1. I'm trying to understand the selection: among the residues of region 112-129, which are open to solvent by less than 60 Å² (accessible area, probe 1.4 Å) and either more than 14 Å from residue 143 (Cβ to Cβ) or of a type in the set (Ser, Thr, Tyr) (or both)?
2. Taking the conditions exactly as written (within 27 Å of residue 18 (Cβ to Cβ), touching a residue at least 60 places away in the same chain (Cβ under 8 Å), surrounded by 13 or more Cβ atoms within 10 Å (Cβ to Cβ) and not polar (S, T, N, Q)), does residue 63 satisfy them or not?
3. Quickly run through region 117-132 and pick out the residues that are touching a Leu at 6+ places or on another chain (Cβ under 8 Å) and under 21 Å from residue 175 (Cα atoms).
4. Checking the conditions here, which among 141, 159 is open to solvent by 40 Å² or more (accessible area, probe 1.4 Å) and part of a helix (DSSP H, G or I)?
5. Which numbered condition trips up residue 123, out of (1) under 21 Å from residue 104 (Cα atoms); (2) free of Cβ contacts under 8 Å to residues at least 24 places away in the same chain?
6. Among the residues of region 125-136, which ones are closer than 21 Å to residue 163 by Cβ and not in a loop (DSSP other than H, G, I, E, B)?
7. Among the listed residues 32, 23, 58, 13, which satisfies the condition of being surrounded by fewer than 19 Cβ atoms within 10 Å (Cβ to Cβ), in a helix (DSSP H, G or I) and touching a Lys or Arg at 6+ places or on another chain (Cβ under 7 Å)?
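The values are calculated or read from the model by the stated rules, or taken from the named source; none is laboratory data. As the structure is a prediction and not an experimental result, all values here were calculated from the model. For neighbour counting, all protein chains shown are included, and Cβ atoms are generated from backbone atoms with ideal geometry for every residue, glycine included. Keep in mind that these areas ignore ligands, DNA and RNA; they rest on the heavy atoms of the full protein, side chains included. Shrake-Rupley method; radii C 1.70, N 1.55, O 1.52, S 1.80 Å.
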Amino acid sequence: RLFTEPVALALLVGAMLAFMHGVRRPSRAGVVLAGLLVGFLVLTRVEYGYAVIGTLVVCLGWWAVDRSSDVARKGVAMALVGFAVCVPWLAYTHHETGKALYWGNSGWLSLYWMASPFSDDLGEPHTDAEVFASEDLAQHRPFFRSLPAEPVARDAALRHSARQVIQDHPLHYVRNLAANFSRLWIH
């Protein structure tokens, strides 16, 4: 297994330090470096793509309200540079899927596990291979066998299942969210 968390953490901390440097000193280089690091962070962990878009929206709104805010202006610049780094990837995923801003297809699998329809699951993520190898996950096998092989259709099926379970059992989802949060701090 390749663990991307250490790389993602290093990129995130580097981006924060570069952005602080760019804000404290009149330095475009710091803001550009922060944007580049954010872009590479997104390419390492695609779920951060939504965070870049959110950062861009928030900073644009902040800048629209307070045109004198240097931090907001530099935040917009950082997010735009980060997004620009991702344009080739987004062009590729659009070509392959026909969907705009399609960062990746692993997010709905994670949400499926967070919303797992079985009460003895605590939201811990698993791969398809683990489902078919572990007797503890045997109850998930019929669903995983029913998933389409095509990645975008598979992603849509996982999304539909996760949303339905969250809608039907919101407290179960909240419990799994709390369990994942505790695992983050205990492990």
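1. 112, 114, 116, 123, 127
2. Details: within 27 Å of residue 18 (Cβ to Cβ): yes; touching a residue at least 60 places away in the same chain (Cβ under 8 Å): no; surrounded by 13 or more Cβ atoms within 10 Å (Cβ to Cβ): yes; not polar (S, T, N, Q): yes.
Considered against the rule, which asks whether it is within 27 Å of residue 18 (Cβ to Cβ), touching a residue at least 60 places away in the same chain (Cβ under 8 Å), surrounded by 13 or more Cβ atoms within 10 Å (Cβ to Cβ) and not polar (S, T, N, Q), residue 63 comes out as no.
3. The answer is 123, 125, 126.
4. Criteria check complete, one pass: 159.
5. (2)
6. Within region 125-136, 128, 131 qualify.
7. Numbers: 32 fails: touching a Lys or Arg at 6+ places or on another chain (Cβ under 7 Å); 58 fails: touching a Lys or Arg at 6+ places or on another chain (Cβ under 7 Å); 13 fails: touching a Lys or Arg at 6+ places or on another chain (Cβ under 7 Å).
Going through 32, 23, 58, 13 in turn, just one is surrounded by fewer than 19 Cβ atoms within 10 Å (Cβ to Cβ), in a helix (DSSP H, G or I) and touching a Lys or Arg at 6+ places or on another chain (Cβ under 7 Å): 23.
Conditions tested, residue by residue: (1) small (Gly, Ala, Ser); (2) part of a helix (DSSP H, G or I); (3) at pLDDT 90 or above.
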residue	(1), (2), (3)
63	no, yes, yes
75	yes, yes, yes
81	no, yes, yes
95	no, yes, yes
109	no, yes, no
116	yes, no, no
123	yes, no, no
